[in-house]
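Novice: Okay, handing you the structure first.
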Amino acid sequence: MMIAVAGGTGLAGRAVVEEAVACGHRVRSLSRHLPAAEKRVPGAEYLRVDFRTGAGVAAALEGVDALIETMDARSGAALRSLPVMSVAVLAAAAQAGVRRCVLLTIVRAGECPMGYYQAQAARALSYEKSSMATSVVYATQFHNLVAGVFGTGAKVGVIPAFNGVSFQPVSTADVARTLVEEAQPGGDGRGASRSVIVGGPEAKTMKELALEWKAATGSGAVVAAMPLPGSFGAFLRAGKNLVPEHAVGQETFGAWLKVRAGA
Ligand SMILES: NC(=O)c1ccc[n+]([C@@H]2O[C@H](COP(=O)([O-])OP(=O)(O)OC[C@H]3O[C@@H](n4cnc5c(N)ncnc54)[C@H](OP(=O)(O)O)[C@@H]3O)[C@@H](O)[C@H]2O)c1
């Protein structure tokens, strides 16, 4: 198969490109900026495409069998246009004769009022309502995100452990495996439009994860319990980021840290 990865240079996208190449697919990474040669996955093709303006899109989708969308935007106009970009991805894919589109998004994003999560929920809805064959993959927070919060705090001497908050972090490699599986055509008895939930292998309190991170990195910062106010805090304290019944990821936070400690 020829698989295009929209956002193939991002954190999750790179893992998808690696997985798809390892599975023997032809792979095209699509993003606005091209990575330096040493940062490219050997065997993948890299094309400059902007799904916000449409530049380069039609040519990039020629001959593509399946498209996996892992684009992201965190704030401002880029975030506001994220749901529109997903609509543009689906329209361009339909026009190009792409047979299946797969979206990566976040578990229960629709239940968190934060703008970033609402944008994630809106794009999932576009995929679910599309007349194309689609899969939406809902993942829990990445190990990188949780470690990033600890690392940022440690720079000022405090590793935050939000009161009443647990995470079930997952590795991007585990998520990538599901995304590439979902890019396969139907015919296995499952419907044309599917959704899959991918949770990490274990849920732990933020304090437990913080202590693991501190031990693995040798950080001298202090693990400190603190409140997380606002709607995101309420979302996390309600455990809406957890899917214990979908603990399909294999790499634990501890195992992931062992490979990357200090990175
Ligand atoms: N972070 C988490 O814990 C987590 C957990 C579960 C699910 N997710 C999902 O994972 C997705 C990917 O997150 P990530 O952290 O891997 O994102 P990321 O590292 O920020 O990567 C974003 C990618 O999108 C590309 N992109 C952005 N705007 C574009 C445009 N207009 N046209 C073409 N490409 C564009 C970027 O490349 P250029 O900037 O060069 O264009 C980059 O390749 C998120 O949307 C979220 O739904 C994240």
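What follows draws every value from the coordinates through simple rules; no lab data is involved. These numbers were taken from a predicted model, which means no experiment stands behind them. Note that each Cβ is placed from the backbone with ideal geometry, even for glycine, and that neighbours are counted across all protein chains shown.
Novice: For the chain, what are Rg and Dmax over the alpha carbons, in angstrom?
Specialist: Just the Cα atoms of the chain yield Rg and Dmax of 18.5, 55 Å.
Novice: Nearest 10 degrees, 0 to 90: what angle lies between the long axis of helix 115-129 and the longest principal axis of the chain (Cα atoms)?
Specialist: Roughly 40 degrees, rounded to the nearest 10.
Novice: Could you work out how far helix 206-217 tilts from the main Cα principal axis of the chain, as a 0 to 90 degree angle to the nearest 10?
Specialist: Between helix and principal axis, roughly 90 degrees.
Novice: Moving to a separate point now. Which peptide among 4-11, 208-215, 238-245 comes first, and what is the full order, when sorted by highest mean count of other Cβ atoms within 10 Å?
Specialist: So the peptides 4-11, 208-215, 238-245, ranked by packing, come out 4-11, 208-215, 238-245.
Novice: Please state the charge dipole magnitude for the chain, taken about the Cα centre, from unit charges on C-beta atoms (+1 on K and R, -1 on D and E), reported in debye and rounded to the nearest 20.
Specialist: Dipole magnitude for the chain comes out near 540 debye.
Novice: Zone of Val196 (label point 7 Å along Cα→Cβ, backbone N under 17 Å): which residues in segment 156-186?
Specialist: 170-186
Novice: Could you sort 121-128, 154-161 so that the peptide with the highest average Cβ count within 10 Å comes first and the rest follow in order?
Specialist: 121-128, 154-161
Novice: While we're on this one: Nearest 10 degrees is fine. How inclined is helix 82-96 to the longest principal axis of the chain, computing both from alpha carbons?
Specialist: Result, in degrees: 30.
Novice: Follow-up question, since we're still on this one. Using the Kirkwood radius built from alpha carbon pairs, what does the Stokes-Einstein equation give as D for segment 26-97 at 20 °C and 1.002 mPa s, in µm² per second?
Specialist: Value of D from the Cα-based Kirkwood radius: 165 µm²/s.
Novice: Under 28 Å Cα-Cα from Lys258, which lysines qualify once same-chain neighbours fewer than 8 residues away are excluded?
Specialist: Lys39, Lys155, Lys204, Lys207, Lys214, Lys240
Novice: Put +1 on the Cβ of each Lys and Arg and -1 on the Cβ of each Asp and Glu in the chain; which of Val98, Gly199, Pro227 then has its Cα farthest toward the positive end of the dipole?
Specialist: Farthest towards the positive end: Pro227.
Novice: Right, something else. For the chain, give the share of DSSP beta bridges that are antiparallel, in percent and rounded to the nearest 5; count only bridges with both residues there.
Specialist: Close to 5 percent.
Novice: Extending each Cα 7 Å along its Cβ direction at Ala37 and Glu62, get the distance between those two points in nm, one decimal.
Specialist: Inter-label distance under the simple model: 2.6 nm.
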